[in-house]
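Contents: one structure, followed by commentary.
Each reported figure results from applying straightforward, stated rules to the coordinates on display, with no laboratory input. What you are looking at is a predicted structure, and each value in this text was computed from that prediction instead of being measured. Methodologically, a virtual Cβ is constructed for each residue, glycine included, from the backbone with ideal geometry; neighbour enumeration extends over all protein chains shown.
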Amino acid sequence: MSRTDSYLSYLDATAKIQYNVALILEAKALHAEKSRNWICQHLSTAAYESNADHVKQAVDIHEQLIEVIDGITKMEVAFAKNLGVLIVEEDNSSLGGSAGGGFGDLFGGSGLDYAK
């Protein structure tokens, strides 16, 4: 497999992962909407012995949402780092004047000719 084919394969896999992440986020948004409706209708102050218990339950729910957002953010940062590595490799190969593969060949040249 050539370098260009490898890059294309990697980008295709990344695009598929991003699509699946979008589906997960859509499902999470739907679940959050259902949860919000249930919480608004069922978790009233009358359901708890004290205000502290009520606040504790609300904090627990928010902590769960923050964990989901934090996990997705970490995953997206990792994707960005991986793509950044590919871009840096491409830039380095352009600087060195190597003739093999990469994104530049895909799009008819990188547009950045450092040899001139």
Treating only the Cβ atoms of Lys and Arg (+1) and Asp and Glu (-1) as charged, compute the dipole magnitude of segment 3-97 about its Cα centre; round to the nearest 20 debye. 160
Just name one of Ala47, Thr4, Val21: the one whose Cα is farthest towards the positive end of the charge dipole of segment 1-63 (beta-carbon charges, Lys/Arg +1, Asp/Glu -1). Thr4
With r defined as the distance between the Cβ atoms of His42 and Ile87 and R0 fixed at 41 Å, what FRET efficiency is calculated, to the nearest 0.05? 0.25
Return the Cα extents of segment 3-97 along principal axes one, two and three, sorted largest first, each rounded to a whole Å. 72, 22, 11
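Gain in length, Thr73 to Thr14, computed as 0.36 nm per residue apart minus the alpha-carbon separation, to one decimal in nm?
19.7 nm is the gain from fully extending Thr73 to Thr14.
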